[in-house]
Every structure is written in C-alpha cells, then in structure tokens.
Amino acid sequence: MKIIGKKVKRIDGFQKAEGSAKYASDYYFHNMLYASVVYANVPHGILKNIDVSKAYELPGVVYVATYKDVPGINKFGHVIKDMNFLVPIGDKVRFEGDVIALIAAESKEIAEKAAKLVSCEIEELPPVLTIDEALKDEIIVNGDSNIGFHRKIRKGHIEDAFKDADLVLEMNFETGYQEHAYLEPQGAVAYYTPDNVMEIYVSAQCPFYVHEDVANILGLPLNKINVIQTETGGGFGGKEDVPSYVAAKPALLSYLTKRPVKLIYTREMDIKETSKRHPSKSYFKVAFKKDGTILGVKSKTYLDMGAYSTLSPIVMYRTTVHSCGTYKVPHVFVDVYGVYTNKVPCGAFRGFGSPQVLFAIESVMDEAAKRLNIDPYEIRLKNTLDVGDETATGHKLTSSVGAKKTLKKVYEISNYPKLKDYVKKYNETNKFKKLGLGWSHIFYGVSLGSGGQHLDGASAEVLIQPDGTINIMIGNTEMGQGAKTTMAIIASEILGQKLDKISVLQPQTLVLQDSGPTVASRTTIFSGNAVRIAAKKIKENIIGFLSNYFGVGKNEISFSDGNVLVRDKIFTFEEITELCNKNNVKLSEIGWYKTPKLHFDHEKGIGEAYITYTFSTQLSLVEVDILTGKISLKEAWVCHDIGKVINYDGAIGQVHGGVVQGMGYAIMEEIKQDNGKILTDNFNNYIIPTIKDAPQNIHVEFVEEEFSEGPFGAKGLGEPSLMSSPPSIANAVSNAINKRISKIPISMEDII
Ligand code: MTE
Ligand code: MOS
C-alpha cells in the first residue's frame, strides 16, 4: 500500500482549527429571519387552545406558525409516524419538548421574546415516568399499549441449557441516559434560490432523511428541495433523524414567509427536545459449564423509548442481535421490548442499543469467571467466536473474525500477568485506594443490517479537474470521525494523486443519489467502496487511453505519489490530466455500492444480521478512592479488528475519543429529571469527561482480518471504539471494590 494505513494530515483539520470552517450558525442570507420554538413544557396532557395574538403584537414578529400552517403531513417517524411536527388542538402532549408553535422574527431576541408571549392551554394528565410504571399499562402514553415493540431470538432449547449447567447466573442490570454532547448544537438555515428551490443548510448525519421529511411536511416534490450538509461539529447518532425535526422548523417558516430563516438551538433546547441513549433495565439468566463454556443465554431487556418511537425499533434490533455478546451460544432466548414513557424520545447513539446489553453480558462473563475460578481473560478466549462459528443469531462466520487475536493482543501489550500481580500487591498495601482491572470483549455488526438493506447503498462522484486536482462528493457525511480523509486516502491510493490535491465536498441531495444515513459505522465500507469504484473506473479510462496513445501494454502504466509511469517514462499527474483532457477522456465517474443480500428470519431472530462484524477487546485499569467514591480510569489497552486500517491517525483518534466517551457513560454522565423535565440541561450540571478526566495512556492496536467486500478489506470502527469501554471500566470498578455493581453510570454514592 502506498498511502492506505499511513499517518497523514487530516484534510479538513486546518479550517476547523483556524475557525474558517462553516457550521450551520455561520450561514447568513440577506433579509434573513430568525426562528424560535414554543414548547409544551408539560410531560403529559391535552392541548386545549393556542393563543398567538400577543406574540403578533410584538414589533418585528413576522409569522407565528401552528399546526394549521403545515401544508403537507404534520407527522414524523421513520418506522411509524407517531409524532406530531406541531401539536394540533385536541391532540396529546406527550413530553415537555413537544412543539406547539414556531415564530419567525426580524431578530433572534424578538423571536425568543415572542415565544414567551404565546399562551397554550393544556389540560394536564398524570405522566408515566419509569419503565415499571409504563409496563402496568394503566396510563397509555402512545398507541394502544406502552409496550410499543418487541423483538426476539429463539434458538435451540433454552431449558436444556439450564438443565445441563454447572452454574446458572441470574442478574439484573440498569443503564442510564447519555446525552450526545456534540460541541455544535443542532441548527439549520432555509433559503429559496432564485429558481425556487428551497435550500436547507443543516448540521446533520443524514441529509437524505432531512430531504424526505421536509418534503413531506411541506408537501413539495423532492426536486424542489436541496439539502446541503454544513460542517458538522459532532453527531454521535444524535444527528441521525433529529435534524429533520430541526430543519422542518425554519423550512416551514421560510415556506410561509418566502424569506430565509435560521434556527440554531441553544444547548438547553437541544438537551430538552432531542434524542438521547435509551435507559434500560434488563434481566439475564446464563448457563455455564464448570470449565466456563456458555450453554445458553436467556435475557429480557426493556428500553425506555420516551414519548415517540422515532428510531427505537431499529435500535432494538441491534440490542437483540448483540444481547449474547461475542460468544458461541447454542441456546438463546432473548426478548427486547421498547416502552413508551412521557419523556424525551430516545434514539441513535454510538453503539445504537448495543452498549446497554454489552454491559450486561460482559458483567455476567466476569461474574461467572469469578464463581468458577477462571481468569476473566480465559473465559472470554474460551467462548469467543472464530471462523466457522455461528453468532447468537445463527450467522455462520466464514472469514474476517479476528476476535481471538484482539484478546491475545491486549493480553500481550498490557503485560497482563505482571499487571495483575502489581494490582494485587498494590491493593494489599493500600487501604483507602484500590486498583481494579476489567476486561471487555465485544462485537459490532457493521451496516444497516438485514432490516435496513433497502437503505444500504451509497454513491460517490469523483471528478478530476483540468489542473489535476480532484473533487470527491460522497453521500455520507463528515461529522468529526475523519471520513473525508479516509475517502481521500482511498482515491489517492488508486489514482496516485497526492492527498493535498484531493478535496472532499459536503453532500448535497440534489446532486447525489440517496446514500442512506451516516450511521452504523458504515461510511468506510459503503462510501469507501463507492469512491473505490468511481476512482477505478476513471483509472481504467485513463489507462485505456494511454496504452493506445503510447502503444504500451496496460500493465506498463502505474500511478503513485503524484506521478504516472508509462513504461519507463515518468509524467506528472497534471501532465497526464492535460493530455487526457485534450483527447476528451472521461475524467468523472459515479460509483455506487450496495450490500450483498442478507437472509434473516425476523420472527425467530435467526439469520445473517449484518454484512460483517468488528471485534474488539479492552482492558482497563481504574483506581477507586473508597473514602470519597471517586473513580479514575488510569490506563486502557484496546485492540480492534477492523479488517484494514485506512486512515491510521483517524482510527487512533476514534479509539481515544470512544474510550473517553464510553467512560463518561460508565462513571460520569447523568440526566436528572423532575416530573419528566430534564434538570441537567447544560454542561454546568450534565458533566461529561474533559481532558483532565482522560487517562494518561490509551494503548491502541489493530488487527487486520480482511473483509473481502470492504475497500482494501476494511470494516468499521466508529462505534465499537466506544462500545468496548463501558463494560471494561465497570468490570474494573467491580474488581477494585470486590463487589459487583450492576448499574451504570456508577456514581460516587454507589461506591460508598
Ligand atoms: N466521531 C466523531 N469525532 N464525531 C462523531 O459524531 N459519531 C460516531 C462515530 N464516531 C462520531 C464519531 C457514530 S455514532 C458513528 S455511526 C460513526 O462515527 C459514523 O462514522 P463512520 O461510518 O465513518 O464510522
Ligand atoms: Mo451512529 S449511533 O450509528 O450514528
């Protein structure tokens, strides 16, 4: 490889560091209006009346929109449309962030003042605030029952597993919310071009979702709306479906006023209205043989969906598939339920429903190791998946399974036996500070999976300009994870042009075919393949021409490092581009990649769940102050099998960020609520890790068990980089205090 896997400078780094990169709030248009939002602010009730007259009296207010102003379908929901865009009179309010009205005004200040002048009469109903209350189904939040969705896996005969077992563990787990805490809050600007196309500039992971949803709300054809992704300051899943709800607001106001309209959320609005990671409660019963072999897993998990289903049914699919962890399990009986409550709707968050159950199953593995007197490393090595094995859903893995290698690598780089010794001695001599070691071993299905195949395609356009510079546009988005650099590296490897001559553009939905959402850690495989296919086609066009023109064999032409070698003559890439242009060679191509067909029985939960899996192992060293309850992550050793490393520094960055974000989930971050209202609505009281909380050393290694379908063998890393962290840290804490903690976040009070 010439550039794949090498350390390179991030291509979008300079503008971001310098401050010239344009985020949603950096867009201004002549004659632009500012939007504000009127919220219900009660968790449950019936909307009786809306009075907008006082707001209209305020000078500078141009429009106050309610449900009556929506020209198209006043509903959202990618799976079922159970959420109002603007709540109609007579309908229900189901959480504090339900939206009643929108204001467009000449300034932000006027818009915000006017929002306070809209009065709404709501007849309050008793709210449902916990999973347990919801399950009683006495007060119905949404639909016919608070249990909105159910998914399952049925494999083998679970009772046989319990009959044959030497050890049966039964454990209950709870996990909390997590806020995405992207640095850039949600925001969008809507603007009409002179040819009457509505352009929407939006901070988003999936411009195509925004496109479709805004078209539905406005009742416009798709070719009259162009969604352009702005530079996006983090998404982490929180900008998958949510930007539709955000962008529809200025879009409606722009439609009504025919003026540009801007809406940038404050952090408080963002935390109140937009999605979080689902809190969960689960019950696991797992059967083991004396030697640590798993015989069967029975589990039941409830996810708190909040007031609307949004992406929950898809999140739950991932929860179900990942419930048994990275292990061979002959008998499986898994149930996952999505439950409505009168709280903020939960949705996509890095890991997408798997971190909740991976915490559970990895805690079970540790507990079993302890009871059976086996090392937690050994019990994982014994049960982990390998080529030829089947996952819990019966997916037979035929290649690209580096699970064992990741375990062995972490064992080796951490010098595990010595480390264990050190921890033991430390704890014998220290009374009030205890060290703990914790393993986790996880897997992650890359791609949208069997249920989402209709969306699992991706498009890329590659264009060589007359001066030899290259533009790439992909249908997936850069949101901080480094996708632009990864795409440029792939094009550079194939075409041989230097990296600094390649730029990757923000996606526009009127230019590219729907490439699905930028989620499920799928960008490297999907957009990466689309870029590979397009770049290869261009290369073939050039080689075809050059071999004719110079009368040489096609295999005598090669591209690298900004040069083209034709038999024994070296040309610069620019010289060749000029020659090609003079001879009308086609230098732009579109690449399209779609997944191979997956076979899955959704009734039984059996089959090929995802196109491939990433495998990961983490070992964490924590220190617990048993007087104050303070936990610190001292050091972590991590190894991921990602098929092939394309963007080395980007991959390291993903792991560093993932470990720390996962640490926040495990031991720091907590949403506090009072009667359904979120109290922790900014970063003064919703505490996330900072550089001071990050461990000094995060040791990262990669295993490269190539995935035949992946570009150069690559799989995905975006989410597994977080997912290994919470169970590993939680296990380390339990190890330090010698007592199992079965809830996250683990607070100082829990330790005490
Ligand atoms: N890294 C950064 N810096 N910012 C992000 O918003 N999102 C994560 C992960 N890593 C995110 C991130 C999530 S939720 C996903 S699905 C993947 O990146 C998506 O990008 P990929 O497909 O390129 O892995
Ligand atoms: Mo990531 S949660 O799949 O956006």
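The values are calculated or read from the model by the stated rules, or taken from the named source; none is laboratory data. Owing to the predicted nature of the structure, the values given are computational and were not obtained by experimental measurement. Neighbour counts run over all protein chains shown; Cβ positions are idealised from the backbone, glycine included.
In the range 29-68, which strands (runs of 3 or more DSSP E) lie fully inside it and hold 1 or more residues that are acidic (Asp, Glu) and surrounded by fewer than 21 Cβ atoms within 10 Å (Cβ to Cβ)?
Correct list: 45-51.
Could you run through the range 477-496 and say how many residues are under 18 Å from residue 206 (Cβ atoms) and either of a type in the set (A, V, I, L, M) or in contact with a strand residue (DSSP E or B) (Cβ under 6 Å, 6 or more places away or on another chain) (or both)?
The qualifying residues number 5.
Take the residues in the range 503-531 that are crowded, with 23+ Cβ neighbours inside 10 Å and under 24 Å from residue 577 (Cα atoms), then tell me which one is nearest to ligand 1 (Cβ to nearest atom).
Per the stated criteria, the residue is 528.
Just a yes or no: is a residue in the range 498-517 outside any loop (DSSP other than H, G, I, E, B), small (Gly, Ala, Ser), outside the structural domain of residue 319 (by TED's automatic domain parsing) and away from ligand 2 (no atom under 16 Å from the Cβ)?
Yes, that holds for at least one residue.
Does residue 492 satisfy the criteria of being more than 14 Å from ligand 2 (Cβ to nearest atom) and surrounded by 24 or more Cβ atoms within 10 Å (Cβ to Cβ)?
yes
So, of the residues in the range 337-380 that are among the aliphatic types (A, V, I, L, M) and within 16 Å of ligand 2 (Cβ to nearest atom), which turns out to be nearest to residue 242 (Cα to Cα)?
348
Check 552, 519, 531, 504 and return the single one that is under 26 Å from the mean Cα position of the chain (by Cα), among the β-branched types (Val, Ile, Thr) and over 22 Å from residue 493 (Cβ atoms).
519
Among the residues of the range 9-18, is there at least one that is assigned to a loop (DSSP other than H, G, I, E, B) and touching a Phe, Trp or Tyr at 6+ places or on another chain (Cβ under 8 Å)?
The answer is no; no qualifying residue exists.
When you scan the range 600-635, how many residues do you find that are aliphatic (A, V, I, L, M) and outside any strand (DSSP E or B)?
Selection size over the range 600-635: 4.
Can you tell me how many residues within the range 459-485 are part of a helix (DSSP H, G or I) and within 16 Å of ligand 2 (Cβ to nearest atom)?
1
What is the number of the single condition among (1) within 21 Å of residue 98 (Cα to Cα); (2) crowded, with 24+ Cβ neighbours inside 10 Å; (3) in contact with a helix residue (DSSP H, G or I) (Cβ under 6 Å, 6 or more places away or on another chain) that residue 278 does not meet?
That leaves (3) as the condition not met.
Filter the range 329-373 for residues that are among the acidic types (Asp, Glu) and assigned to a helix (DSSP H, G or I); which is farthest from ligand 1 (Cβ to nearest atom)?
The qualifying residue farthest from ligand 1 (Cβ to nearest atom) is 367.
Of the conditions (1) assigned to a helix (DSSP H, G or I); (2) surrounded by fewer than 18 Cβ atoms within 10 Å (Cβ to Cβ); (3) in contact (Cβ under 8 Å) with a residue 40 or more places away in the chain, residue 163 clears all except one; give me its number.
(3)
Given the criterion touching a Cys at 6+ places or on another chain (Cβ under 8 Å) and at pLDDT 95 or above, identify the matching residue among 105, 101.
101
Contact list please: Cβ distance under 8 Å, first residue in the range 344-355 and farther than 15 Å from residue 717 by Cα and of a type in the set (S, T, N, Q), second residue more than 11 Å from ligand 1 (Cβ to nearest atom) and assigned to a loop (DSSP other than H, G, I, E, B), pairs at least six apart or on different chains.
none
Which condition breaks for residue 695 when tested against (1) surrounded by 22 or more Cβ atoms within 10 Å (Cβ to Cβ); (2) within 30 Å of residue 373 (Cβ to Cβ); (3) in contact with a Lys or Arg (Cβ under 7 Å, 6 or more places away or on another chain)?
(1)
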